[in-house]
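Asks: Mind having a look at this structure? Questions to follow.
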Amino acid sequence: MNIAKDFFSNSLQWDNLPKKIEYAPKEETILLFGGLTPQKERLLQAAAKSMNQEYTYLPNPDFASFEIGKIYGNKAQCNPTYFTVGNLIKYLLNLHKQGLSKEEIVKKYIHVTVSGCGPCRFGMYISEYKKALQDAGFEGFRVVSFDHESDIFQKASVEAVEFSPKFFIILTKTAIISDILMFLQDHLRAYETQKGEAQKAINRCEEKIIDALIQKKSLLKTLFSCRKILAKVKLNRLNPKPKVMVMGEFWAAMTRGDGNYHIHDFLLENGAEIIAQPLINRILLNIWDAKYQTIQKQKSNAKKLFDFSFAKKLFLLTLAQKAIEITFKIYAKAIGLNWYELDNMDYLANLAKEYYPLYSNGGEGHLEIAHIIDAAIHKKAHLVLSLKPFGCMPSSGVSDGIASLVTSKFPQVGFLALETSGESSINFYSRVQMALFKAKEEAIKEYNSYKISSKVPSFINNYRFYPKNDAISTAAKLLKYFNF
């Protein structure tokens, strides 16, 4: 790509940085976050601003980011590494082109990311960032992380960043709200009668929430006030559409952009309703895993009959889990999201343990397998798409192998594993379309098994009305409700 070549040629003119760098004071330091969706980043930026923290989110990673990541990164990395590392380098080089010296950038900016143990390349992200930054001429640029497997009592490696409990609590509440907006957005976009109307309504709600965060207004009242905005979106929910669950490796399944070929938009534009995986599910999985590992350590503790430290940790983890679940439920009810419930991690673990060793916690662990079984047993989707980067070790190497056994035992739901390489999308879209064609047939067949009432009440298209029964598609659920 020409863009990547330009960045590469420009970056060869390195500034000679001193070995000992005098970094800018905390009040002048700017934190750079990135890797989530633009909507989540905007809300998290507002939350950070409410805590008087200067937080700038990076633009959504694109193919130019991917190419830059390949230039400066090590070989044979997964595409989330290339996209995220390349996106940071691209942003810093843009700052440099706008007039900031590389020395100024190194002194003033800090990139905040998440770290982990692996066994995937996720555990090496910090090293990848530092290697690429050095090669791009930003030697000494600070990259700090919080461990996704630790609790809220974390310490940053530099004084300019404060990972306080309050910081994590506010960001978690904001992440919950962003997930709720995502579910509403996907549902409304699937059934809107006028294209673009749903997105405009969601954008207006997002602006109100951002204002509430910055001005420290009541989030509950703000969410409740969004009901009127969302209710104005005209829907046709008796249009039979297949439900497609999008899950898999965290970044590949969550991002909305070039990193997964805009798969969410592609599915919506091709007549599907999607069930995306929320960010908060990842946090709940981390809490569950921390509890599981604590219990296993307690069982192997031969020295003491009772260790108070184990009990204390389990109590705090359970408290965090319950706080998240209750907060989600309250916020969801306030805005009118009445059909989605957070996953019960204990239940999913029980579903998967026959097929997947629970002590193996790399990547998404047992969660991919559990979601396939759950979707089949409880009729949650016509099709399950499992997205992962090319060569993803935990997902492609482990989960996909187990999934072949699981899908043979639970053939009720279609399953398709898709690798995203960051390159050609033709084969990717072709495979999705073939699986989606079959899912559409199943959705229409299910829809035609119910009679359409001669009198359809007006509230049938109210987004807040969503009956609970064993039909899969939204249209079939509505018809089944009125057939009894």
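The values are calculated or read from the model by the stated rules, or taken from the named source; none is laboratory data. Since the structure is predicted, the reported quantities are computational estimates derived from the model, not experimental observations. In this analysis, Cβ positions are derived from the backbone assuming ideal geometry, glycine residues included, and neighbour counts consider all displayed protein chains.
Asks: Residues of segment 265-296 being in contact with a strand residue (DSSP E or B) (Cβ under 9 Å, 6 or more places away or on another chain), over 29 Å from ALA320 (Cβ atoms) and not hydrophobic (A, V, I, L, M, F, W, C), which ones?
Replies: Within segment 265-296, just GLU273 meets the criteria.
Asks: Right, next: From the list ILE105, ILE110, which one is touching a strand residue (DSSP E or B) at 6+ places or on another chain (Cβ under 6 Å), among the hydrophobic types (A, V, I, L, M, F, W, C), assigned by TED's automatic domain parsing to the domain that holds GLY35 and modelled with pLDDT of 75 or more?
Replies: Residue meeting the stated conditions: ILE110.
Asks: What residue, of ASN350, ASN301, is assigned to a helix (DSSP H, G or I) and surrounded by fewer than 17 Cβ atoms within 10 Å (Cβ to Cβ)?
Replies: Going through ASN350, ASN301 in turn, just one is assigned to a helix (DSSP H, G or I) and surrounded by fewer than 17 Cβ atoms within 10 Å (Cβ to Cβ): ASN350.
Asks: So ALA48 fits all but one of (1) in a helix (DSSP H, G or I); (2) among the aliphatic types (A, V, I, L, M); (3) at pLDDT below 90; (4) in contact with a helix residue (DSSP H, G or I) (Cβ under 6 Å, 6 or more places away or on another chain); what number is the exception?
Replies: (4)
Asks: Pick from segment 374-389 the residues that are touching a helix residue (DSSP H, G or I) at 6+ places or on another chain (Cβ under 9 Å) and surrounded by fewer than 24 Cβ atoms within 10 Å (Cβ to Cβ): which of them is farthest from GLU354 (Cα to Cα)? Walk me through how you get there before you give the answer.
Replies: If we filter segment 374-389 for residues that are touching a helix residue (DSSP H, G or I) at 6+ places or on another chain (Cβ under 9 Å), which is where we start, we get 374, 376-377, 380-389.
Filter once more, keeping what is surrounded by fewer than 24 Cβ atoms within 10 Å (Cβ to Cβ): 374, 376-377, 380.
Values: ASP374: 14, ALA376: 16, ILE377: 15, LYS380: 21 Å.
Restricting to residues being touching a helix residue (DSSP H, G or I) at 6+ places or on another chain (Cβ under 9 Å) and surrounded by fewer than 24 Cβ atoms within 10 Å (Cβ to Cβ), the top hit is LYS380.
Asks: Taking the options ALA311, ALA323, name whichever one is in a helix (DSSP H, G or I) and either touching a strand residue (DSSP E or B) at 6+ places or on another chain (Cβ under 9 Å) or surrounded by 13 or more Cβ atoms within 10 Å (Cβ to Cβ) (or both).
Replies: ALA323
Asks: Exactly one of (1) closer than 28 Å to GLN194 by Cβ; (2) outside any loop (DSSP other than H, G, I, E, B); (3) charged (D, E, K, R) is unmet by ARG464. Its number?
Replies: Here ARG464 clears every test but (2).
Asks: All but one of (1) surrounded by fewer than 20 Cβ atoms within 10 Å (Cβ to Cβ); (2) touching a residue at least 12 places away in the same chain (Cβ under 8 Å); (3) not hydrophobic (A, V, I, L, M, F, W, C) hold for ASN52, so report the exception by its number.
Replies: Going through (1) surrounded by fewer than 20 Cβ atoms within 10 Å (Cβ to Cβ); (2) touching a residue at least 12 places away in the same chain (Cβ under 8 Å); (3) not hydrophobic (A, V, I, L, M, F, W, C) one by one, ASN52 breaks only (2).
Asks: Residues of segment 222-273 being in a loop (DSSP other than H, G, I, E, B) and within 30 Å of ASP211 (Cβ to Cβ), which ones?
Replies: Matches in segment 222-273: LYS232, VAL233, LYS234, THR255, ARG256, GLY257, HIS262.
Asks: Looking only at segment 448-461, count how many residues are over 13 Å from LYS477 (Cβ atoms), part of a loop (DSSP other than H, G, I, E, B) and either among the charged types (D, E, K, R) or without any contact (Cβ under 8 Å) to a residue 40 or more places away in the chain (or both).
Replies: 5
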